[in-house]
Structures are given as structure tokens and as C-alpha cells.
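A short write-up of the structure that comes next.
The values are calculated or read from the model by the stated rules, or taken from the named source; none is laboratory data. Computed from a predicted model, the values in this text were never measured in an experiment. Positions of Cβ are generated from backbone atoms using ideal geometry, with glycine treated the same way; all protein chains shown enter the neighbour counts. We work out accessible area using only protein heavy atoms, side chains counted, and drop any ligands, DNA or RNA first. Shrake-Rupley method; radii C 1.70, N 1.55, O 1.52, S 1.80 Å.
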Amino acid sequence: MEADFWHTRWENMQIGFHEGDVNRMLAAHIGALGLKPGARIFLPLCGKTRDIAWLLAQGYRVAGAELSDIAVRQLFEELGTVPEITDHGTLRAYAAPGVTVFAGDIFALTPDLLGSVDAIYDRAALVALPPDMRTRYTTHIVALTATAPQLLITFEYDPAIMAGPPFCVTFDEVNRHYATQYRITTLANLDVPGGLKGVCPAREMALHLTPL
């Protein structure tokens, strides 16, 4: 999936993947991460998700990475805050109290620039990437966050019915990518109401990844 694909989606506001409220799996299972108030949570490929506002309201700090400047600007507009903007090579950091989002290629983000995080919440990153990018992504996430624990949301469905994104990412595939670094536990496996995009029966999984 090339960067131009996502830039075009945001330019044309073709963002059916954007949820208008907090994700049900996040609200139900954030407690599994065992985080203390003020913990810093990293959201890769975060878009302008409402999950960020929800996490801030729960007393957490948030770091994000998002390809599209449009998405990041809209995120801060919807948060009702004006960010401080700084450039770091090919990345641009938007920062306000409690939240920093890096706009640009996530693979350009370094551990030093990101800073330490206490957990990862991946709702829209792994499932947004085609199979040939997932090994690079998961390897990068582990190195970027020093193997921070994860709440990972994936979908299982018949790819013959619908082409992603979001792509079908099974438990077995998650295990192939992460089993050498994490113990993987299924927290929930539920039907997607109405199916993905209203056309494809699917299951939504919440997985807890605990560092070994």
C-alpha cells in the first residue's frame, strides 16, 4: 500500500475507516495493560482517531504517528487545541499538553525521537498494511518501543469477499510476527455489527501482547 493511496484518501476525505467514537475494544480492554495514570501510550498510524481524546480524558498521555498532515491537523482541531509544530528531518511533530503526533513516514521515526512509551495501542496500523509490509512494520514497532506491551485490534474475514484495507490479519499471523517477543492472549473475539463496510461478515479481535 503506497503512501500516495493514503494521502489521496485524506485529501478526498474518503475515510470510512475513521470511527466517530471511542473504539469498543479499547474502552473494554484498556485495563488489561495495567497502566498507571499518566502512562504514555503510542498509537501507530493513528489518523484523527477519537480514541486519542478518550485516552487523554482517562488521564493518559498519548504519542502518535500518522502519514497524513491533513489528518493530524484535523485531530488537533477536533481536540480544540493549537499544537506547537517542529520539524525533525522528514517528520513533523505536532505537540500539545499530553499529546504528540509525528506526521510522516512511520519508518522514519526513531526511538530517540519518539521517546519512551509504556504501551502500544494498535487499532488501525497492522490491519492497514498489506502482507508484504507487515514484517517490516512489526520489526520496527518492537525496536521503536523497546517491546512495550500492546493492545492490538485485528479483523478476521474471508478476503475473497472483500479486499482490504482493513486487511484480514488472523491470530496465527500475529503469532508469526510477534511470538518471539510477546505472549499473545485473546481478550475478545466478536462479530462486527453489520459486517465490515456493511458487506463482509467479520470478527474483530482484541489481543493482549505481553513482553516475554
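Miscellaneous remarks
- On the stretch given as the range 105-134, residues that are surrounded by fewer than 13 Cβ atoms within 10 Å (Cβ to Cβ) and within 26 Å of V192 (Cβ to Cβ) total 3.
- Test: residue in the range 28-48 that is open to solvent by 30 Å² or more (accessible area, probe 1.4 Å), at pLDDT 95 or above and among the aromatic types (F, W, Y): no
- All positions within the range 49-92 that are touching an Asp or Glu at 6+ places or on another chain (Cβ under 8 Å) and open to solvent by 50 Å² or more (accessible area, probe 1.4 Å): R50, T90, R92
- As for the range 198-209, it holds no residue that is part of a helix (DSSP H, G or I), at pLDDT 95 or above and open to solvent by 70 Å² or more (accessible area, probe 1.4 Å).
- Check on T139, farther than 18 Å from L45 by Cα, open to solvent by 20 Å² or more (accessible area, probe 1.4 Å), of a type outside the set (D, E) and modelled with pLDDT of 95 or more: no
- Residues in the range 154-172 that are open to solvent by less than 20 Å² (accessible area, probe 1.4 Å) and either within 15 Å of the chain's Cα centre (by Cα) or among the basic types (K, R) (or both): T154, P165, V169.
- Verdict on I141 being under 24 Å from A65 (Cα atoms) and in a strand (DSSP E or B): no
- Of residues in the range 93-104 being in contact (Cβ under 8 Å) with a residue 24 or more places away in the chain and over 16 Å from D51 (Cβ atoms), the one surrounded by the most Cβ atoms within 10 Å (Cβ to Cβ): F102
- Between L151, L187, the distinction of being touching a helix residue (DSSP H, G or I) at 6+ places or on another chain (Cβ under 7 Å), within 15 Å of D122 (Cα to Cα), open to solvent by 40 Å² or more (accessible area, probe 1.4 Å) and assigned to a strand (DSSP E or B) belongs to L187 only.
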